[in-house]
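Peer 1: A single structure is presented below for examination.
Values quoted throughout were computed directly from the atomic coordinates according to the rules given, and no laboratory measurement underlies them. Quick caveat, the model's predicted, so the values are computed rather than measured. Cβ: placed from backbone, ideal geometry, glycine included. Neighbour counts: every protein chain shown.
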Amino acid sequence: MDTCSIEATKTSAAEVHPVRTFAELRERARQAVPRRVGVVQADDDVALTAASLALLAGMASPVLIGNAALIRARMKQLGLDELEKAAEIVEAEDAAGAAVRMARLGHLHVLLKGHLRTDELLRPVLDKEHGLRTGRLLCDVAFFEHRAPEGTRLVGISDGGLNVAPTLEQKKQIVEGAIDVLHCLGVARPRIAIMSAIEVVSQSIPSTQDAHALTRMGEEGAFGDAEVYGPLALDNALLEWAARAKGIEHPVAGHADCLIVPGIEAGNLLAKAIAFLAGWEFAHVIAGARVPILIPSRVEPAQDKVNAIALGVLYAAR
């Protein structure tokens, strides 16, 4: 299991104060060494605005990849003068392929999706010969601010973006990816909830059986310094009083740092309900590749993409 370090302080993730809010996340990213963030197919208003904000915050050095004329025209239209002066622009007909090649050579530390679909970005990333594979499963780890009575803290959701119907082995790797990202946020002993619709093992609900198996793996030390427990439903994973009402006594119950969902439908619906119905800020990163990959929806606001850049910068510092 990888552990992470914030280069500016040379402090291990286990020694830093856990990041509890997006404001703290952005501040922690400012303290890290600015990373070269490649905006792929960068002629996108929201992505350019986010790149400009990240530049002005001192957390990133944007590299804008794609049709240079279109990119410059959009920056001028948006009035992003500082970005236009400071950003590197890379002309590329195949922006995704160019970005992946630059990342392989170490010229980019984070990739941010611009004006293209997620599958168009991931196709060269997943290329077995020339991509950014590491042998680990790629998984999307998303975060929101959970406002509990004891205080606000960041809680993750995985995987609502990539793996459609993960097997038990894939869920094990998703748990490992989530723990890796949480370590980068200073969470020394992550509490991982394996989610389902109910809190007991049922032969009729396969996700509860997977949850039980992952709990056993955790008890046997498969996940290192982490608490892994399930099955848990949403209420008793996040709310201490709900866990007590159900008689669930475990360090994860009511205090989960990350929710491992049964499949992509549950994760995607939960994440979008948080972002678009509750209107809360959001951020997510793909773990498991050579560099962090950010695939925010094209309808997500610039602030969420700035949060994602901050998350990617910290994850890149591992």
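Peer 1: First measure r as the distance between the Cβ atoms of Ala197 and Thr134, then evaluate 1/(1 + (r/R0)^6) with R0 = 35 Å and state the FRET efficiency to the nearest 0.05.
Peer 2: 0.60
Peer 1: Another question, then. Would you mind checking Lys85/Lys128; Lys171/Lys272; Lys85/Lys272; Lys246/Lys305; Lys113/Lys172; Lys171/Lys246 for any pair whose Cα atoms are more than 29 angstrom apart?
Peer 2: Lys85/Lys128; Lys85/Lys272; Lys246/Lys305
Peer 1: With bins 20 Å wide starting at 0, give me the P(r) of the chain over every alpha carbon pair, in whole percents.
Peer 2: 35, 56, 10, 0
Peer 1: Taking a spot 7 Å from the Cα of Ala188 along the direction of its beta carbon, which residues of the stretch 15-58 have an amide N less than 11 Å from it?
Peer 2: Counting only backbone N, you get 15-18.
Peer 1: Using Cα-Cα distances under 8 Å and only pairs 6 or more residues apart, what relative contact order does the stretch 140-276 have, in percent?
Peer 2: The value is 32 percent.
Peer 1: What is the Å³ per residue value for the convex hull set by the Cα atoms of the stretch 140-276?
Peer 2: Hull volume over Cα atoms, normalised by residue count, gives 102 Å³.
Peer 1: Would you report the distance distribution of C-alpha pairs in the stretch 236-294 as whole percents per 5 angstrom bin, up to the bin with the largest distance?
Peer 2: Each 5 Å bin holds this share of Cα pairs: 4, 15, 15, 20, 21, 14, 6, 3, 1.
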